[in-house]
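> Before I ask anything, here is the structure I am working with.
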Amino acid sequence: MKKILYLTDLYYVAKGRNYYEEDLYITNRLKDNFDVVLCNPKNSESFENDVDLIVFRNTGGVNSFKDIYNSFVDRVKSNNLKIFNEFSGKADMCGKEYLLDLTKEKYPVIPTIDRVEDIDLLPDTDKYVIKPKDGSDSIGLEFLEKEELLNRNIIDGTMLIQPAIDFKYEVSFYFINDKLEYALYAPNKEQRWKLEKYDYNSEDMDFAQKFIRWNGIKNGIQRVDACRTQDGRLLLVELEDLNPYLSILELDEETRERFIRDLIDVINNMIY
Ligand SMILES: Nc1ncnc2c1ncn2[C@@H]1O[C@H](COP(=O)(O)OP(=O)(O)O)[C@@H](O)[C@H]1O
Ligand SMILES: [Mg+2]
């Protein structure tokens, strides 16, 4: 059988979610088709050349092992290692900078700037959100009144500034390559990890696919995180194109089976 090196951090602690359960489930399913070995991303180097594919999954934010991660990315490129997700993405895997680009290009995203002096480019509001460009898991994210924001000297290019959106709910669209597999939403704003199946319509699908097309990843799992505004529009919150958590154990069986089938197909196509 072909060999997969499956990178994950089984001990990663995430609020309200057990990442390791998802990885145990997925690897248990992959094992019937591939020889799968699990490995913490910090220990991968000596195994990388012995496998047919490296799968990068729930490692948590890579900022906590930035240097190790950067050398890994370098090795993938210089040794031509096959990796899923491909490292060609322009979104979260490069930090949140892309939100500035998408704002300028008039995509439906939460309007985003990175210098207070550009505040007039945002819709007028009393409440703002600031977040680090290289953040994840809400680390460093703050809600600020306009006064507070103006008093902060945000000019060094490490933070993003957005209007605080009073959304109705958050919804996520999960893709394998360019195929939309399922969507989940958090009907209760206070418990945004309590997810339910979301029955998307064709307009919602067009919205999500726009960002997948823009990103152009050929092989990978991506999650398009959006919020529904009070006036009914969808706005992009984040395009997670490195290692999105999938909430796979919360899916109905049919959806989960289809997802696993498609994942195995895509991996087979990459390896053979
Ligand atoms: N501009 C905003 N307005 C309102 N809520 C926001 C805004 N930006 C982020 N949030 C809230 O914070 C959460 C985390 O923000 P996100 O940009 O996805 O960063 P992270 O990479 O930490 O997940 C979002 O899911 C949403 O609930
Ligand atoms: Mg997020």
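The values are calculated or read from the model by the stated rules, or taken from the named source; none is laboratory data. Nothing here was measured: the structure is a model prediction, and the numbers come from that model. Virtual Cβ from ideal backbone geometry, glycine too; neighbours counted across all protein chains shown. Ligands, DNA and RNA are excluded from the accessible area calculation, which covers all protein heavy atoms including side chains. Shrake-Rupley method; radii C 1.70, N 1.55, O 1.52, S 1.80 Å.
> By how many degrees, between 0 and 90 and to the nearest 10, does the Cα long axis of helix 66-78 differ from the longest principal axis of the chain?
Once rounded, one gets 60 degrees.
> If you don't mind, another one. Please list, short to long, the whole-number percent of alpha-carbon pairs of the stretch 169-240 in consecutive 10 angstrom bins beginning at zero.
Percent of pairs per bin, in order: 21, 57, 21, 2.
> Hey, another quick one. Going from the alpha-carbon gyration tensor of the chain, what semi-axes, largest first and in whole Å, does one get by taking the root of 5 times each eigenvalue?
Ellipsoid half-lengths, sorted descending, are 33, 22, 16 Å.
> Using a 1.4 Å probe on the protein heavy atoms, what percent of the accessible area of the chain belongs to carbon and sulfur?
46 percent
> Please state, rounded to one decimal and in Å, the Kirkwood hydrodynamic radius that the stretch 111-163 gives when every pair of distinct Cα atoms enters the mean of 1/r.
About 11.0 Å, per the Kirkwood formula over Cα pairs.
> Turning to a different aspect of this structure: Just the number please: accessible area per residue for the stretch 1-142, 1.4 Å probe, all protein chains included, in Å².
Here the per-residue accessible area is 52 Å².
> Once the Cβ-Cβ distance between R258 and D118 is put in as r, and R0 is 41 Å, what FRET efficiency do you end up with, to the nearest 0.05?
Efficiency, rounded to the nearest 0.05: 0.40.
> With contacts defined as alpha carbon pairs under 8 Å and 6 or more residues apart, what's the relative contact order of the stretch 169-240 in percent?
Reported relative contact order: 34 percent.
> On to the next question. Return a whole-number percent for the relative contact order of the chain, with Cα pairs under 8 Å and 6 or more residues apart as the contact set.
Once normalised by length, the contact order is 18 percent.
> While we're looking at this one, here's another question. Relative to the first principal axis of the alpha-carbon coordinates of the chain, what is the inclination of helix 202-215, with its axis defined by its Cα atoms, in degrees from 0 to 90 and to the nearest 10?
Taking the Cα atoms of the chain, the angle to 202-215 is about 70 degrees.
> Let me ask something else. Rounded, prolate or oblate: which one fits the stretch 1-80, using the alpha carbon gyration tensor with axes a ≥ b ≥ c (rounded when a/c is under 1.5, else prolate when a/b beats b/c, else oblate)?
oblate
> I would also like to ask the following. In Å², what does the accessible area per residue of the stretch 216-272 work out to with a 1.4 Å probe?
Normalised by residue count, the accessible surface of the stretch 216-272 is 40 Å².
> Follow-up question, since we're still on this one. Angle check, please: helix 19-30 long axis (alpha carbons) against the longest principal axis of the chain (alpha carbons), in degrees 0 to 90, nearest 10.
40 degrees
> Turning to a different aspect of this structure: Report, for the chain, the % of DSSP beta bridges that are antiparallel, rounded to 5.
70 percent
> A follow-up question, please. Most fluctuating residue of F207, F84, F72 in a GNM of the chain with Cα springs under 10 Å: which is it?
F72
> How many angstrom lie between the Cα centre of the stretch 103-128 and the Cα centre of the stretch 145-220?
16 Å
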